[in-house]
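The values are calculated or read from the model by the stated rules, or taken from the named source; none is laboratory data. Everything numeric here is computed off the predicted structure, so don't read it as measured data. Cβ placement follows ideal geometry from the backbone for every residue including glycine, while neighbour counts extend to all protein chains displayed. SASA here: full protein model, heavy atoms, side chains in, ligands and nucleic acids out. Shrake-Rupley method; radii C 1.70, N 1.55, O 1.52, S 1.80 Å.
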Amino acid sequence: HRCGIETAGGHTGLTIRNNDIHSNSGNPGDTPYLKYGMGILMIRGSSDKVDCNGYGPDNVLIQNNNIFNNEKHGIYMGPKNNQVEIIENHIYDNGDDAVQVDLIGNYWNPDYEPDPGPYTCLAGSNDVIVNYNNIYGNSNGIRVLGDPSNGFILDGECNWYGTPFGPTHPSNPAGSGDSVSDNVDYIPW
């Protein structure tokens, strides 16, 4: 129950490397706004939810991990992220997204935060790179929730999406692999 690796609030210079992160889940009856059941969870601290001036991860490297069979996302990031590099991982068979950047921030813990979200920060992420990963068998591949107001595009190039035809996306009609959302640059795969 909970997540394999969980961070909250601002931190910098974190490296997560050479781990097997798998089989994490929530408890039956958990509210969907609790972010349990992830392989890796990086969110803002509860005191940072008032506006977009809070803290989030900065200068993070996630490399050479096997992240699989988690109830929800392989990697989940809240709305504040800067210089996050996710490279050379195997992210597969997770119940939801392989990687999600949630600019809406629709999560909260009723034990500590009496008012539910969302705590939107559409200009909160910059320089998120997801390259050279094997991403397959997840409900979705890479997803950005919310429409960035700062021109943010997640770099999702050079990944294996489970098929030589690339990820599923309306701009890739032949794609049949794990899907990517808008605001993800997935070419070349």
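Here are some residues: Gly146, Gly117. Which one is open to solvent by less than 70 Å² (accessible area, probe 1.4 Å), at pLDDT below 90 and not acidic (Asp, Glu)?
Gly117
Filter the range 70-87 for residues that are assigned to a strand (DSSP E or B) and either hydroxyl-bearing (Ser, Thr, Tyr) or open to solvent by less than 10 Å² (accessible area, probe 1.4 Å) (or both); which is nearest to Gly10 (Cα to Cα)?
It comes out as Asn81.
Given (1) within 23 Å of Asn140 (Cα to Cα); (2) aromatic (Phe, Trp, Tyr); (3) modelled with pLDDT under 90, identify the lone condition not met by Phe68.
(3)
Any idea which of (1) open to solvent by less than 60 Å² (accessible area, probe 1.4 Å); (2) at pLDDT 95 or above; (3) within 21 Å of Gly9 (Cα to Cα) is the one Asn183 doesn't satisfy?
Here Asn183 meets the rest and fails (3).
What number of residues within the range 6-30 are open to solvent by less than 50 Å² (accessible area, probe 1.4 Å), among the polar types (S, T, N, Q) and either out of contact with any strand residue (DSSP E or B) (no Cβ under 7 Å at 6 or more places or on another chain) or not in a strand (DSSP E or B) (or both)?
2
Please give the number of the condition Phe165 fails out of (1) surrounded by fewer than 19 Cβ atoms within 10 Å (Cβ to Cβ); (2) in contact with a Gly (Cβ under 9 Å, 6 or more places away or on another chain); (3) within 15 Å of Val84 (Cβ to Cβ).
Result: Phe165 fails condition (3) only.
Identify all residues within the range 97-114 that are at pLDDT 95 or above and of a type outside the set (A, V, I, L, M); write none if there are none.
Listed by number, the residues that qualify are Asp97, Gln100.
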